[in-house]
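The block underneath contains the structure these notes are about, expressed in structure tokens.
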Amino acid sequence: MFHVGHLRLLGRARKIGDWLAVGVSTDKLNIEKKGREPVYTQSERMEILRGLKCVDSVFEEESLELKRKYIVEHEANVLVMGDDWHGKFDDYADLCEIVYFKRTPSVSTTEIIEKIGGSV
């Protein structure tokens, strides 16, 4: 579920490069990672990201194990991730710089979903 924390991270990522390509986890990958279906469909998530002025391109991310392939395909000089992934992608430092941004405090998809669920 897209929220202000995502927007801030993407805006910061755009500032460190001249092109921002964003990988969107497929519905299948989201279910594997989080154990639940996403709130928005894959195509809706991609549409939301394409509508942001800081995002230049969007692609489907089918597997975390394909991260190296995505870096090469998109000719990335920098891989930006939230710090909840800190250290998990350091193996790709031979291809590009790895940057982990701190998350926006008190903002998470899980918290938002729980808040909405409690108010319905």
Exercise. Filter segment 73-89 for residues that are among the hydrophobic types (A, V, I, L, M, F, W, C) and modelled with pLDDT of 95 or more; which is nearest to HIS3 (Cα to Cα)?
Worked result: VAL80
Problem set entry | Residue in segment 34-41 that is surrounded by fewer than 19 Cβ atoms within 10 Å (Cβ to Cβ) and polar (S, T, N, Q) present | yes
Exercise. Does at least one position in segment 16-31 carry a residue that is free of Cβ contacts under 8 Å to residues at least 40 places away in the same chain, more than 19 Å from TYR100 (Cα to Cα) and not in a helix (DSSP H, G or I)?
Worked result: yes
Exercise. Which of the residues that make up segment 15-26 are over 11 Å from VAL55 (Cα atoms) and in contact with a Lys or Arg (Cβ under 9 Å, 6 or more places away or on another chain)?
Worked result: VAL24, SER25
For this session: Return a yes/no flag: does segment 13-21 have any residue that is surrounded by 13 or more Cβ atoms within 10 Å (Cβ to Cβ) and under 11 Å from the mean Cα position of the chain (by Cα).
Result: yes
Exercise. From the set of residues in segment 51-69 that are in a helix (DSSP H, G or I) and over 13 Å from the mean Cα position of the chain (by Cα), which is modelled with the lowest pLDDT?
Worked result: GLU65
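The values are calculated or read from the model by the stated rules, or taken from the named source; none is laboratory data. Note that the coordinates shown come from a computational prediction; the quantities given were computed from them, not determined experimentally. Note that each Cβ is placed from the backbone with ideal geometry, even for glycine, and that neighbours are counted across all protein chains shown.
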